[in-house]
Amino acid sequence: MKTLVIHPFDESTSFLEAVYEKVPLKTVIRGGLSKEEVQILISSHDRIMMMGHGSPLGLLSVGQFPGSGPYIIDHFSAEMLSMKNNNVYIWCYADQYVYHHNLGGFCSGMFISEMGEARIIGIRGASQELVDMSNERFTRVAGMHINCNSAEIICENIKREYGILAQQNPVVRFNYMRLHFK
């Protein structure tokens, strides 16, 4: 299975590289391509993994994809993504994008990966140490299960193993409740 990883370069999301480092037969794009070139790559791969910063409207380009506008994955990508199996959508509010476009795969809702997000959300007891612990555990567990042939199994395994920390870590607890399979 050929996997395309779309992960716009941004230091604040570099920890997510651990999710896909052991994916075989992968093409990783971090920027430098036009939206049309990205669409061609989507069409030529079996599974698409998308991660970084985003909103319900899609995956932000964070200035890494010339001429793409604010999003590298948006409503224009949805039809092509609907033809792929086992996709992975990891960005804030990716679940809303997935549900709005009736897509399938493993997805995250609002996901706290930075201390500023924990403050905005109002997570009591959050600290940089707890955010770092959450990020490290999530990416390690996701990287162990990302090669499963079913997005549903990926989600179940990640939730089971990542969720172990939910009792002691309020950031994990918040994120855990926002991991989905559709």
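Any read-out appearing in this document is the output of simple, stated calculations on the displayed coordinates, not a laboratory observation. Not measured: the values here are computed from a predicted model. When we count neighbours, we look across all protein chains shown, and the Cβ atoms used for this are built from the backbone with ideal geometry, even at glycine.
Set against the 2.2 N^0.38 Å expectation for a compact globular protein, the stretch 3-181 has a Cα radius of gyration ratio of 0.97. Mean-square fluctuation check for the chain, GNM, Cα pairs under 10 Å: which of ILE154, ILE112, ILE121 is largest? In this elastic network of the chain, the residue with the biggest mean-square fluctuation among ILE154, ILE112, ILE121 is ILE121.
Straight-line reach from LYS26: taking Cα to Cα under 22 Å and skipping same-chain neighbours fewer than 8 places apart, the lysines in range are LYS2, LYS35, LYS84. Take the Cα of PHE15, go 7 Å toward its beta carbon, and the backbone nitrogen atoms of the stretch 96-139 under 14 Å from that spot belong to 111-119, 126-139. Placing +1 on the Cβ of every Lys and Arg and -1 on the Cβ of every Asp and Glu, with nothing else charged, gives the chain a dipole about its Cα centre of roughly 360 debye. If the label point is 7 Å along Cα→Cβ of GLU37, which residues in the stretch 56-76 have backbone nitrogen under 11 Å from it? Residues passing the 11 Å test: 65-67.
Taking amide H as placed 1.01 Å from N in the peptide plane, the amide H of VAL28 sits under 5 Å from that of VAL5, each at least 5 places away or on another chain. Report, in degrees rounded to the nearest 10, the 0 to 90 angle that the Cα long axis of helix 151-162 makes with the longest principal axis of the chain. Compared with the principal axis, the helix lies near 20 degrees. Compared with the dominant Cα axis of the chain, that is its longest principal axis, helix 128-145 is turned about 50°. Residue exposure proxy: ARG30, ARG124, ARG47, ordered by other Cβ atoms within 10 angstrom of their Cβ from fewest to most, comes out as ARG124, ARG30, ARG47. Note on ASN85 and ARG178: the extension gain reaches 31.4 nm, defined as 0.36 nm multiplied by sequence separation minus the Cα-Cα distance.
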